[in-house]
Amino acid sequence: KDAATLVRDAARRTGLPPALVESVARVESNLRPDAVSPKGALGVMQLMPATARALEADPHDTAQNIDAGARLLRELLIKYDGDVVKALSAYNAGSGAVDRYRGMPPYTETRDYVDKVIRAYVKQGGK
C-alpha cells in the first residue's frame, strides 16, 4: 500500500478524521517514507526515535511509522480534550512545551506548523 492509503487506514483505526492525519503527514514529510528531519525525526509521520520506541514502533517501517503517528495524535487529542491546536502543538514541540505555556508555545516553528496543518485540513474539506 502507498503512504496515503496507509494514512487513511491508520486514521480509521484510531477514530480520527482521515483528512486530519493526512494533513499532518503532508506537512511533516509530504508523505515521504524516507524523510529525515535535521533534528532526527523519521518517516512519513516524522517520529523521533524515542517517541517511536515509546509507541513500540519501528520508525523505518512505513506502516508502523504511520500507525504510531496516528496513535500519538489521538493520544494528544484525548490529553487536550479535543483541542486540535494544543494537540498539533504538542505533536510538533512536545507535550512539555504545551503544558509549560498552557497552550501553543511561542515558537515560530510550532506556530507555522499548526497553521500549515490546519490550512491543509480545511483545504481537504475538514472543519
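Stretching Lys79 away from Lys39 to a fully extended chain increases their span by 11.9 nm, per 0.36 nm per residue minus the current alpha-carbon distance. Excluding ligands, DNA and RNA, the accessible surface per residue across the chain is 54 Å² with a 1.4 Å probe. Per-residue ellipticity at 222 nm from helix content only, as computed over the chain with -39500 (n - 2.57) for each DSSP H run of at least four residues, stands at -19500 deg cm²/dmol. Computed about the Cα centre, the dipole magnitude for the chain is approximately 360 debye when only Lys and Arg (+1) and Asp and Glu (-1) carry charge, each at its Cβ.
If each residue of separation counts as 0.36 nm, what is the full-extension length gain between Glu109 and Glu56 once their alpha-carbon separation is subtracted?
16.4 nm
Given a 1.4 Å probe and every protein chain left where it sits, what share in percent of the accessible area of the chain is carbon and sulfur? The value for the chain is 51 percent carbon and sulfur by accessible area. Relative to the globular-protein estimate of 2.2 N^0.38 Å, the Cα radius of gyration of the chain stands at 0.95.
Were the residues from Lys1 through Arg119 laid out at 0.36 nm apart, the gain over their Cα-Cα distance would be 39.8 nm.
The values are calculated or read from the model by the stated rules, or taken from the named source; none is laboratory data. Note that the coordinates shown come from a computational prediction; the quantities given were computed from them, not determined experimentally. Every residue, glycine as well, gets a Cβ built from its backbone with ideal geometry; the counts of neighbours run over all protein chains shown. Just so you know, the surface numbers come from the protein's heavy atoms only, side chains and all, with ligands and any DNA or RNA stripped out. Shrake-Rupley method; radii C 1.70, N 1.55, O 1.52, S 1.80 Å.
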